[in-house]
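Since the structure comes first, as structure tokens, the remarks are kept for the end.
The values are calculated or read from the model by the stated rules, or taken from the named source; none is laboratory data. Nothing here was measured: the structure is a model prediction, and the numbers come from that model. Every residue, glycine as well, gets a Cβ built from its backbone with ideal geometry; the counts of neighbours run over all protein chains shown. To get the accessible areas, we keep the full protein, side chains included, count just its heavy atoms, and leave off ligands, DNA and RNA. Shrake-Rupley method; radii C 1.70, N 1.55, O 1.52, S 1.80 Å.
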Amino acid sequence: QVQLVESGGGLVQPGGSLRLSCAASVSILSINTMNWYRQAPGKQRELVAGVTSIGIINYVDGVKGRFTISRDSAKNTVYLQMNSLKPEDTAVYYCNAWHMSRSYWGQGTQVTVSS
């Protein structure tokens, strides 16, 4: 079992920044892939960024150059640094982990980009 707890969401103006955190209950180095997804109202959940256990990183095209995924193995935490935020980034952001052929989800954290 893997428990994931997200934090760091909130309301920010366009062009602003937020950093999301996802704390895992197990060593993140033992988790195959840790991902950030988001789901906007009326839309499907989409993958935003992911990092594998060996450090391979990928981003969806719309966030490249603005978002950065990183991890702190000592804290078993994965971060999503979001810069130059746009109104279309507004969504509930979820942390996801693929571990031993199972998928685990956090509870989600709301990010609202609005003036």
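General observations
- Across the chain, Cα-Cα pairs more than 26 Å apart make up 13 percent of the total.
- Heavy-atom accessible surface of the chain: percent carbon and sulfur, 1.4 Å: 49 percent
- Computing FRET efficiency as 1/(1 + (r/R0)^6) for Q1 and Q44, where r is the C-beta to C-beta distance and R0 is 25 Å, gives about 0.40.
- For the chain, leaving out every one of the trypsin sites (Lys or Arg not before Pro) that falls in a DSSP loop and has at most 11 other Cβ atoms within 10 Å, the longest unbroken run is 65-115.
- Dipole moment magnitude, nearest 20 debye, the chain about Cα centre, only Lys, Arg, Asp, Glu C-beta charged: 40 debye
- Efficiency of FRET between R66 and S101 - r from beta-carbon atoms, R0 35 angstrom, step 0.05: 0.65
- Partner aspartates and glutamates for K86 [C-alpha distance under 17 Å; skip if fewer than 8 residues away on the same chain]: E46, D61
- Taking the chain as a Gaussian network of alpha-carbon nodes connected by springs under 10 Å, the highest mean-square fluctuation of the residues N76, N96, N35 belongs to N76.
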